[in-house]
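Trainee: Submitted below is the structure of interest, expressed as structure tokens.
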Amino acid sequence: MPFRFTPLMKKRLNRRTHVMLQSSLRLFPELQGKTITVGYTKAHLGSALIPLNMDAELTIRLKVRQLSYNTIGHELMHLVQGLSHLDDPAVSERIPSGEKPCDIWTLARSELFCDEAPTYLKLPPPIRAHWPRYARAVRALCVAAIAKRATYRLYINWLEAQIHELTQQNLESMKSGEQMQLAF
Ligand SMILES: [Zn+2]
């Protein structure tokens, strides 16, 4: 059993949450064979305890109400992020520390995690307001930003500028009377 639920979480756990956790975990081969403790929080959408050594318990906390795949993915990615700095052999790439990288790597990991806008990445208000319309394009840019990071340290600035561009493109197409649609 890869998940261990705290008593407080057990009380709130429902089938939907269970299915969401299992489907999300499948996208994290780095966490296979590890036990993840899932606790409950009502203060935040979620949180994770970044593992500081290889023996550390892997723990995430989630709010069950309005739980999104994006939140689960983000918290699981924090675990991978921490493990990548401990040179865990299961983690092949080092993921930079911080909330924005966590958002970027989470969206890039799978479309499943695009069900809700990321929390920390800077998004122009129209993109936040109409997230489903932009999700795939933003995800594609996250994938590109990760590739760009190999040679360009300001990849987050680059990404946020590119995301901003998406709204400009949309504005242009509205001005010219075209139907609103994405080029992706
Ligand atoms: Zn976080």
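Trainee: Does the stretch 88-119 hold any residues that are polar (S, T, N, Q), within 13 Å of the ligand (Cβ to nearest atom) and crowded, with 16+ Cβ neighbours inside 10 Å, and which are they?
Mentor: Answer for the stretch 88-119, where residues must be polar (S, T, N, Q), within 13 Å of the ligand (Cβ to nearest atom) and crowded, with 16+ Cβ neighbours inside 10 Å: Thr106, Thr119.
Trainee: Let me ask something else about it. Restricting to the stretch 120-136, name every residue that is surrounded by 14 or more Cβ atoms within 10 Å (Cβ to Cβ), closer than 19 Å to Ser24 by Cβ and of a type in the set (Phe, Trp, Tyr).
Mentor: Trp131
Trainee: Identify, please: which residue in the stretch 29-73 is more than 12 Å from the ligand (Cβ to nearest atom) and among the small types (Gly, Ala, Ser) and is, among those, farthest from Arg16 (Cα to Cα)?
Mentor: Restricting to residues being more than 12 Å from the ligand (Cβ to nearest atom) and among the small types (Gly, Ala, Ser), the top hit is Ala56.
Trainee: Filter the stretch 74-87 down to the residues that are surrounded by fewer than 17 Cβ atoms within 10 Å (Cβ to Cβ) and not aliphatic (A, V, I, L, M), then identify the one that is farthest from the ligand (Cβ to nearest atom).
Mentor: So, considering only residues that are surrounded by fewer than 17 Cβ atoms within 10 Å (Cβ to Cβ) and not aliphatic (A, V, I, L, M), the one farthest from the ligand (Cβ to nearest atom) is Asp87.
Trainee: If you go through the stretch 137-155 one residue at a time, do you hit one that is of a type in the set (A, V, I, L, M, F, W, C) and under 30 Å from Arg12 (Cα atoms)?
Mentor: no
Trainee: Residue check: is Gly82 within 15 Å of the chain's Cα centre (by Cα), at positive phi and not aromatic (Phe, Trp, Tyr)?
Mentor: For Gly82, the condition - within 15 Å of the chain's Cα centre (by Cα), at positive phi and not aromatic (Phe, Trp, Tyr) - is not met.
Trainee: Find the helices (runs of 4 or more DSSP H) located wholly in the stretch 1-93 whose residues include 3 or more that are farther than 21 Å from Asp115 by Cβ, out of contact with any Gly (no Cβ under 6 Å at 6 or more places or on another chain) and not acidic (Asp, Glu), and list them.
Mentor: So the answer is 7-12, 69-85.
All of the numbers you see were taken from the coordinates with simple rules; none came from a lab. These numbers were taken from a predicted model, which means no experiment stands behind them. Here the Cβ is made from the backbone with ideal geometry for all residues, glycine too, and neighbour counts use every protein chain on show.
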